[in-house]
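To start, the structure under review is shown below, and the notes come after it.
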Amino acid sequence: MAQLGFNAGDYDPTDEFEPLPAGEYLTMITESSLENTKTGGRMVKLTYTIMEGPHESRKLWSQHNIENRSPRAEEIGRKELSRIAHAIGQPMISDTDQLLNQVVRIRVVVKNDPGYGPKNEVKKWINVGGQPMQNAPAPQQQTPAHNPAPAQQAAHPATQYAAPPWGQK
């Protein structure tokens, strides 16, 4: 017998995992992998973590076929991956690690799955004009002339990913 040491009283049994409302969310890609499918194909699996708002820290997932017996399924998956690559400003992706820590705004819809009920589906990837988190300049690296005002420093971390002056309209 294995000792578990679990106390169910530490967790709310009524906390259900409901789908997020349809809309746009600022996210970061926090996990990415290349997986084999059950039918012998391959897909890119992504996990997005919401960065702001009432649903901050919630996660969403997407899967994108890049090899599939169905040419149509493969085409759809590759087009989605192209949209993601363009949204994060990396049109040439050779490794799933290039997708990690990328900030992207996603549009989410709620679909009714006959077997599981309502669920979220990512339908659009939108460029936020930013940099990947690992390359974002830390405040102490900025010169005094470029340091934000104290009120701006308190802003949400996602604001540090704004487009550089030459990329703004």
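The numbers here are math on the coordinates, done by the rules we state, and not lab data. These figures come from a predicted structure and were not determined experimentally.
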How much length is gained if the chain between Thr96 and Ile126 is pulled fully straight, taking 0.36 nm per residue apart and subtracting their Cα-Cα distance, in nm to one decimal? 8.9 nm
By how many nm would the segment from Val110 to Ser82 lengthen if fully extended, with 0.36 nm per residue of separation less the alpha-carbon distance? 7.8 nm
Could you give the length gained on full extension between Arg72 and Leu34, defined as 0.36 nm per residue of separation minus the Cα-Cα distance, in nm? 11.7 nm
